[in-house]
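J.: Please read through the structure below; I'll follow up with questions.
The values are calculated or read from the model by the stated rules, or taken from the named source; none is laboratory data. As the structure is a prediction and not an experimental result, all values here were calculated from the model. In this analysis, Cβ positions are derived from the backbone assuming ideal geometry, glycine residues included, and neighbour counts consider all displayed protein chains. Keep in mind that these areas ignore ligands, DNA and RNA; they rest on the heavy atoms of the full protein, side chains included. Shrake-Rupley method; radii C 1.70, N 1.55, O 1.52, S 1.80 Å.
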Amino acid sequence: MNLTKIAAQNLLRRKNRSIILILSVLIGVGSVLFLYLSSRAMTEDIANKLDQYGSNILILPEAGESLTFGGVTVDSPAKIQELSPELIPLMKTIKNNETLATIAPKLLANTTLNNYDVLLLGVDFTQELRLKKWWKIDGLNKRQIPKENQILLGTEVASRLN
């Protein structure tokens with residue numbers, strides 16, 4: 001009688017105990033595998049969501065009145081100040097610059113249109129669309145971006161101003 005035959009006879013003699021043992025091992029392995037795969041999927045999902053939120057570094061001029069854009073309140077300058085485009089290469093030399101996806105400058109200004117206070121936002125669309133892949137622009141062909149002298153309105157502003 002060899003060792004495998006003894007083990008097989010022992011398993012057949014104690015069927016209930018063998019079934020419970022096999023089920024316990026399968027449940028344990030399945031649980032560990034499920035937890036591992038779930039944690040990896042959640043990590044990837046969180047990383048993708050963080051990528052969609054965009055920038056986490058803001059370079060602002062001196063404070064004045066405040067403007068709100070995208071849920072972020074930004075102090076606007078007391079007098080209009082523009083950041084020079086020559087500063088963009090310097091911005092690419094910051095610590096951990098390899099993690100920069102893009103630099104997307106914005107120009108914010110308050111104005112009044114038809115007795116409504118409106119926040120105007122000037123952007124470089126090629127850079128902005130790299131950050132905000134979820135933007136859907138109605139009225140333009142696919143991959144077409146507005147030209148320098150064109151303006152886009154948000155749906156709420158467009159409906160209020162007709």
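J.: Open to solvent by 80 Å² or more (accessible area, probe 1.4 Å), part of a helix (DSSP H, G or I) and free of Cβ contacts under 8 Å to residues at least 12 places away in the same chain: does that describe L90?
T.: Values: open to solvent by 80 Å² or more (accessible area, probe 1.4 Å): yes; part of a helix (DSSP H, G or I): yes; free of Cβ contacts under 8 Å to residues at least 12 places away in the same chain: yes.
So L90 fits the description; yes.
J.: Mind checking whether some residue in the stretch 107-115 is in contact (Cβ under 8 Å) with a residue 24 or more places away in the chain and on the phi > 0 side of the Ramachandran plot?
T.: yes
J.: Name every residue in the stretch 123-139 that is over 19 Å from K92 (Cβ atoms) and exposed (fewer than 13 other Cβ atoms within 10 Å of the Cβ), in order of residue number. Steps first, answer last, please.
T.: Narrowing the stretch 123-139 to residues over 19 Å from K92 (Cβ atoms): 125, 129, 132-139.
Residues satisfying the conditions are K133, W134, W135, K136, D138, G139.
J.: Of all the residues that make up the stretch 99-121, how many are of a type outside the set (A, V, I, L, M, F, W, C), in contact with a strand residue (DSSP E or B) (Cβ under 8 Å, 6 or more places away or on another chain) and surrounded by fewer than 13 Cβ atoms within 10 Å (Cβ to Cβ)?
T.: The number of residues fulfilling the criteria is 4.
J.: Give all pairs with beta carbons closer than 6 Å in which a residue from the stretch 15-28 that is free of Cβ contacts under 8 Å to residues at least 60 places away in the same chain meets a residue that is open to solvent by 90 Å² or more (accessible area, probe 1.4 Å); count only pairs at least 6 apart in sequence or on separate chains.
T.: From the stretch 15-28, the pairs are S18/L11.
J.: Filtering the stretch 68-87 down to residues that are among the hydroxyl-bearing types (S, T, Y) and open to solvent by less than 50 Å² (accessible area, probe 1.4 Å), which residue is modelled with the highest pLDDT?
T.: Per the criteria, the residue is S84.
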